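I have a structure I would like to understand better, so I am pasting it below and will then ask my questions one at a time.
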Amino acid sequence: MNTEPRAAPPSGRPDPALPRWGAKPVRRLTAGELAEALAYLERHRPDDDVLGRALAGEFARRTAAAEFAHRTATDRPA
């Protein structure tokens, strides 16, 4: 039986030491936040392959979608 006290429940506010995107789900990050998260991960946790792949995949989807939207908008006949 564990007699240690339980950790306090989260207060609802993210840890101030975390980056502003640290408490967001990956799908809710902006492209800029995804790029920042990838750079942070590379510097601080380069061995976290799962998170790195999730961030890189979402970043690739976002940038590809933005590029496709840009091309279709500029290729439309007037």
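Looking only at the range 32-78, count how many residues are among the small types (Gly, Ala, Ser), surrounded by 11 or more Cβ atoms within 10 Å (Cβ to Cβ) and over 13 Å from the mean Cα position of the chain (by Cα).
Adding up the residues that qualify gives 2.
In this structure, is Ala54 among the aliphatic types (A, V, I, L, M), part of a helix (DSSP H, G or I) and without any contact (Cβ under 8 Å) to a residue 24 or more places away in the chain?
no
Does any residue in the range 21-33 that is part of a helix (DSSP H, G or I) come within less than 6 Å, Cβ to Cβ, of a residue that is not charged (D, E, K, R) six or more places away or on a different chain, and which pairs are these?
Between residues of the range 21-33 that are part of a helix (DSSP H, G or I) and residues that are not charged (D, E, K, R), the close pairs are Val26/Ala54; Glu33/Trp21.
Any read-out appearing in this document is the output of simple, stated calculations on the displayed coordinates, not a laboratory observation. Computed from a predicted model, the values in this text were never measured in an experiment. Counting neighbours? That spans all protein chains shown, and the Cβs are built from the backbone with ideal geometry, glycine included.
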